[in-house]
Amino acid sequence: MLNIHFFGKSRMYYSDEAACDQLGTKAYALIALLVLNEHRHLSREKIIGYLWPDSNEDAARYNLRYNLWLIKKNIKVDGQGNPFLLVDKETCAINPAYPFRSDILEIINFSPSDEDDIDQLLLLKSLFQGEFLEGCYFNKCDSFNEWIIFERINFEKRKVKILKRLVALYEASGDLDACLDTIQDIMEIEPYDEAMVEKTLDIYAMCGNRTAAITYYNWFSNQLAGSLGVGPSESLKAKYNELRTQVAQRQDSACATTCNGEHCLKCSEHDGIVRKQDKPIVMLMTYCLETIPFYWMASFLESVTQQLDREILQLLEPLEIVALSSIQPQLAYLYESMDERSLSVSVREAGVVSAFIRLVGQMGLKYRIQLTIADEDAMDLHSADIYKYIMTVHADCFI
């Protein structure tokens, strides 16, 4: 049987035998147009409009005839003597009686059902071996190039549908590692799919790794803020708060077991009044960029802003917010009473550092800070000095 593949480098073969190496990109493009057309036939004028719009009529018709001849020459008739193409003066069509398989048809024909199995879906997933009609771009063929882009988007959506069905089957089978890997594949295509983020949090929770779930939430929240300028949905925030509460309860329980509820330096402030396990946890995911001064500190402030929102205003004086907003503008947007004159005040580095250190100290009085630093070795020198200082002076603020 003839096999036609349009993902990656277009190719055709019969069973294990390579074939049709003489077909050019426009011949493959012509076949793809016919295969994906609802009735698998197109008028000659339509094909010419796609593939040779800039040629004069005689040249365009010759180019079409040549490519049709090339396809007929390379794709032999089937066992019943049926040709692959049916051609007349007006139209070109794929013979409905001709048996062949194609990666794009198998993908298009997939519909989730109770009969699905993992091996079947992995086989479908394996068909995505590159872009649809990869490398196929024709100068001045705007309609055809737009059609390719449109179909590539459609196939990405179909791939996501296949992957989501795989996620469901992996979860049902208890293979949570494969489930997470497949969700990652989905997020590479649809990076802001909150349903998949929530599924990831649920899986981490099922594995007993709620801290990893919270870290992942913080990473996703940073992605949303940095790329789209928005925060997570209310339902996702609710899931996060639920997980954060569960983490705090587990830590409280562990502390109560070791100290029997009595006063100890491990679980209380040095003044013996406010117990650490009574404070809410603030999970901060931060990032580093070695070449940008204060980048880690700005990332810290961004994460604090996302976690505490306007609560941060209760921790700082207005001029301290002005100072910190010079490296993290999101802070200024929280403070409505600031006018342009306030925000344009010249800020010295010492003021930024002083405000940052006091913020950490003030946070430590109300919260337990769980800090994650991505790529710590790439921390800029300005931030590295401050980080060493706060981990010495305010070490008790962190868990």
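Nothing in this text is a laboratory measurement; each read-out follows from the coordinates by a stated rule. Computed from a predicted structure; not experimentally measured. Counting neighbours? That spans all protein chains shown, and the Cβs are built from the backbone with ideal geometry, glycine included.
For region 46-102, the Kirkwood estimate of hydrodynamic radius, built from reciprocal distances between every pair of different alpha carbons, is 12.5 Å.
Note the listed values (1) 5, 23, 31, 24, 13, 3, 0; (2) 5, 24, 34, 25, 9, 2, 0, 0; (3) 4, 17, 20, 16, 13, 13, 10, 6, 2, 0, then indicate which one is P(r) over Cα pairs in 10 Å bins from 0, in percent calculated from this particular structure. It is the one labelled (3). Overall shape: oblate for region 279-399, with the ratio a/c of the largest to smallest alpha carbon gyration tensor axis at 1.5 or above and b/c at least equal to a/b.
Here the gap between residue 207 and residue 238, fully extended at 0.36 nm per residue and compared with their Cα-Cα distance, gives a gain of 9.2 nm. Shape class of region 158-238 from the alpha-carbon gyration tensor: oblate, with a/c at 1.5 or above and b/c at least as large as a/b. Extending 7 Å from Cα along the Cβ direction at residue 72 and again at residue 56 yields two label points whose distance is 2.6 nm. Once the Cα atoms are used to define both axes, helix 210-228 deviates from the longest principal axis of the chain by about 70 degrees. Given DSSP loops and a limit of at most 11 other Cβ atoms within 10 Å, what is the longest stretch of the chain that contains no such GluC sites (Glu not before Pro)? The longest uninterrupted stretch comes out as 116-261. DSSP finds beta bridges in the chain, and of those with both partners inside it, around 60 percent are antiparallel.
Taking 7 Å steps out from each Cα toward its Cβ at residue 194 and residue 86 produces label points 5.1 nm apart. Quick one: grab the alpha carbon gyration tensor of region 2-142, order the square roots of its eigenvalues as a ≥ b ≥ c, and give me rounded if a/c is under 1.5, else prolate or oblate depending on whether a/b is larger than b/c. In terms of gyration-tensor shape, prolate. Amide H contacts of residue 85 (H built 1.01 Å from N, in plane; Pro and chain starts excluded): 95 sit under 5 Å, all sequence-distant by 5 or more or on other chains. Taking 0.36 nm per residue of separation and subtracting the Cα-Cα distance, full extension of the segment from residue 134 to residue 330 would add 66.4 nm. Distance between the pseudo-spin-label points of residue 105 and residue 219 (7 Å out from Cα toward the beta carbon): 4.1 nm. The spacing between region 70-90 and region 146-201, judged by their C-alpha centroids, is 39 Å. Between residue 113 and residue 142, the contour length at 0.36 nm per residue exceeds the Cα-Cα span by 6.6 nm.
Helical runs assigned H by DSSP (4 residues or longer) give the chain a calculated mean residue ellipticity at 222 nm of -17500 deg cm²/dmol, each run adding -39500 (n - 2.57) before division by the residue total.
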